[in-house]
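Below is one structure, written out as C-alpha cells; comments come after it.
The values are calculated or read from the model by the stated rules, or taken from the named source; none is laboratory data. This structure is a prediction, so every number in the text was calculated from the model and none was measured. Virtual Cβ from ideal backbone geometry, glycine too; neighbours counted across all protein chains shown. For accessibility, only protein heavy atoms count, side chains too; no ligands or nucleic acids. Shrake-Rupley method; radii C 1.70, N 1.55, O 1.52, S 1.80 Å.
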Amino acid sequence: MRVFLVGEEETVHEFPDTRNSLLLKLRDKGDCESWQQFVAVYRPVVYRMARRRGMQDADAQDLAQAVLVAVAESVDRWEADPRRARFRTWLSRVAKNAIIDAFRRRRPDAAIGGTTEVARLQQQPEPDDAELDREHRREVFRWAARQVRWEFAEETWLAFWLTAVEGRHVKEVAGQLGKSAGAVYIARSRVMRRLQEKIVELEE
Amino acid sequence: MEAKPTACDDTRIARFLRRELTDEEERLFELHLDTCETCSEKLDRSTAGPADWHEAAELLRDEPIDLEPLSVVLSDADSGEVARHVVDDSVRRVLELLHPTDDPQMLGRIAGYEVVGVIGSGGNGVVLKAHDSALNRYVAIKMLAPHLASSGAARGRFAREAVAAAAVMHENVIAIHGVQEHGGLPFLVMPYVRGTSLQKRIDQKGTLALLEILRIGMQAAAGLAAAHAQGLVHRDIKPANILLAGGVERVTITDFGLARAVDDASMTRSGIIAGTPQFMSPEQARGEAVDHRSDLFSLGSVLYAMCTGHPPFRADSSYGVLQRICQSTPRPIRQSNPDLPTWFCRLVDRLHQKDPQKRFQSAAEVADLLARCVAHVQQPLAQPLPNELCEKHGGVPVPHRRAWAVALVGGLAVAATSAVLWLGQGSQSDQSPRPDTSTPPAAANDDVRWNDDVDRLLRELNESVEELDKDTQQLFEEP
Ligand SMILES: [Zn+2]
C-alpha cells in the first residue's frame, strides 16, 4: 500500500528515514516552512516532467519521491552560514542537480526492458535548465494561486478567473455576476496583486 | 444615496494597491472605474505589467483542475436574475485522470484496478466501481473530489482518517481495503456493496414502517458504537451514508469521518459549506469541537427522516438550516406521521437534545435500547417497552402517591391488554393495509401487519392511559 502525504502538516512525516536529521536541521521555523513549500512545488515539477517523458503514474510518483528523498538526505550537508546561500536557494540548487541526475540515471536502467515506455523515454531529451526553470516557475505560480485562492470570496476569484485567465470581457463578466464593471476591475486587481506578493514571498 | 462622480486620481490608484483606501473611498473608486476606461486601464497596468498578466493566464489556464472556480454563473437577461450553479464536473475530472486500458469494456485503469463505471458523485468525491484483477473481486473506489484535493492538509486528513476508519471492523461499518493515491488524488478502496442508500429508499418509497426504522436505527447505532470505541467520530451521519442491502436486514455505514474531514478543511478556508448540513449536530453547526455524541444527534435526524420522509431541520439556505439546528425544535413527528408511537418520538427527542449532556451518552446504549424496542414491537406482550421510554412524571416523586399511580395505571394496562387482544383479532380482516408500498416478504406479511395493528391499538390505548394518568395526577394534586 502506498500512502503519500503531502502538504502543510505532513511533509516531514513522509520521509521516515531522514526524518530525524531533517527535523534536527529544520528546527528553525523558517527553514521548516521553506522545506514544506519546496516539497509542494518540486513534487509536481518532477512528476510532470516524468509524465511528459511517458512514465506511468506510479513510476512518476516514485521518481518524484526519490528526488525529494535525495534532497532531504543532503540537508545534512547544509550549514546555516550568513555568507552562504539561504536555505531556500540552496534547496533549489540541490534539487536541480537531483532531478537531472534522476532522469539521467533512469535511462540506462530502463533500457534493459525495451518496452515502448523505454523507447519513448529515450526519445525525450534530458531535462535542461530551461525546462526546469519553466516548470518551476509554473509550479510556483500554481502554488501561490492555491494559497491565495481561499483568501478570496468565490465571486472575487470568479471575476479574476473569467477575465484574467479565460480572457473574457470585463463588461460581459460584470453582467453575468450581477456586479459593476468597477467591481470586477477591483476584484481582479486584488487577486493579481496578492498572487504576486505570494510569489515574491516564495522566491525572496 | 447618490454619489457625486469623482475625478481621475492616480494617487488613489496607488493607495488602493497599498490597501490604504477606506471602505467609502473604495466604493467611490469602484463607481469611478465603472465609467472611466482610463483609470481602469491604469489600475490594470499598475497592478501588474502586461507580461505578468499574460503569464498568469498562461500558467493558470493549463491544467486548472484545482484552481478553477467552483461555480458557473447563469444570468437571465430578461429577468436580470443571477443564478449560480456549483459545477459538478468532478466525475469528468476524475475520469480524465484514469489511465487508458486495453479492455474496451472498461473506462480506464487506476493503480491496478480496471474501472467499470461510475457509482455516484457528491460534493466530496466520486465513487467508481472497479475490478481488482489480482483478487478477482469488485471494489468501490472513492476518490476525493479534485477541487478539495488542492489542499495538502485536506489530502493528509483524508488519508489519515481513512487509515483510522480502516481499523474499525464491524458488520455495520464499511470495510476499507486500502488507501492509495493516483495523480495526486487520494482514494479509498472499499468492498463493492450491492444495495441502495437509505436516502434513495426514502426518496423512492417515502416513510418507513416502525419496525424497519427500529432495525435500521439499531444497526446504525451498533456500527457507530464500534467506531466510537476506536475513538472515531463519523461526523457525517445522514441517510445518503447508510447503505441498505437485502432490504433492512443488513445496514452498512459508509464514509466514515472522511467526508466531513474534508468539508471541515474547506469550510475553514472558504467559509463555504460543502454539501448539505441538514443532518449536522448543533455543535457542528456552530463549528465547535465535536465528540461521539454529535453522531447521536445526527442519528436522531436520520430516524426523524425515516419517520417523516424529510430531514428535521429545513430552510431555504444552508445558513438557515444551521440556524434551525442550533435554535429550533423540529416539528413533532406525530404531526407528519401519526402512526408512530409516542415512546418512539421520545427516543428521537432524546437524541435531538441540543445539549450533548442531555442526549443518550453512547451509541452502544442507543443500539441496546433500539434492540429492546424491536423486541417489544415484535412481541408487545412478552417484551415490555423499555423503561427509559415510558413517560416520566415531572416534579418530585412522592412515594405513596407514585405507588398509587402505578397500581392504577397497571390495572388499566391489564384491562387494555385484554382489549387489544380482542380488538386485534376482531378487526384484523377489516383493517385496510397500511399505505406502505414496501411490502414485506409474503411469509412475514401477516405477522408484520398484525404487529402494526396491535401496535396502533396499543398506542391508542397508551394515549388514553396517559390521559387517565394525567387526570389521576390532577386528582392527587388537589388538596
Ligand atoms: Zn478616471
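Checking residue B:204 against (1) open to solvent by 20 Å² or more (accessible area, probe 1.4 Å); (2) among the polar types (S, T, N, Q); (3) not assigned by TED's automatic domain parsing to the domain that holds residue B:239: exactly one of these is not met. Which one?
(3)
Per-residue answers, yes or no, for (1) at pLDDT 80 or above; (2) buried (at least 21 other Cβ atoms within 10 Å of the Cβ); (3) not hydrophobic (A, V, I, L, M, F, W, C):
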site	(1), (2), (3)
B:106	no, no, no
B:113	yes, yes, yes
B:117	no, no, yes
B:121	no, no, yes
B:126	no, yes, no
B:138	yes, no, yes
B:144	no, yes, no
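Across region B:1-54, what is the total count of residues that are within 12 Å of the ligand (Cβ to nearest atom), farther than 11 Å from residue A:185 by Cβ and within 9 Å of another protein chain (Cβ to nearest Cβ)?
The total comes to 2.
Considering only region A:176-204, state which residues are assigned to a helix (DSSP H, G or I) and open to solvent by 50 Å² or more (accessible area, probe 1.4 Å).
Going residue by residue through region A:176-204, those that are assigned to a helix (DSSP H, G or I) are A:176-177, A:181-203.
A:190, A:193, A:197, A:200, A:201, A:203 - these are the residues of region A:176-204 that are assigned to a helix (DSSP H, G or I) and open to solvent by 50 Å² or more (accessible area, probe 1.4 Å).
Is there any pair with a first residue in region B:131-156 that is farther than 22 Å from residue B:196 by Cα and in a loop (DSSP other than H, G, I, E, B) and a second that is modelled with pLDDT of 75 or more and not aromatic (Phe, Trp, Tyr) whose Cβ atoms are under 6 Å apart and which are 6 or more apart or on different chains, and what are they?
What qualifies is B:149/B:185; B:150/A:146.
When both residues are 6+ apart or on different chains and their Cβ atoms are under 8 Å apart, which pairs have a first residue that lies in region B:32-44 and is without any contact (Cβ under 8 Å) to a residue 12 or more places away in the chain and in a helix (DSSP H, G or I), and a second that is aliphatic (A, V, I, L, M) and within 8 Å of the ligand (Cβ to nearest atom)?
Close Cβ pairs (under 8 Å, with a partner that is aliphatic (A, V, I, L, M) and within 8 Å of the ligand (Cβ to nearest atom)) amount to B:40/B:33.
Scan B:220, B:226, B:175 and give me the residue that is part of a loop (DSSP other than H, G, I, E, B) and in contact with a strand residue (DSSP E or B) (Cβ under 7 Å, 6 or more places away or on another chain). Write out each step before concluding.
Working: B:220 fails: part of a loop (DSSP other than H, G, I, E, B); B:226 fails: part of a loop (DSSP other than H, G, I, E, B).
Answer to the check: B:175.
What number goes with the only condition from (1) out of contact with any Leu (no Cβ under 8 Å at 6 or more places or on another chain); (2) more than 14 Å from residue B:236 (Cα to Cα); (3) at pLDDT 95 or above that residue B:298 does not pass?
Result: residue B:298 passes all but (2).
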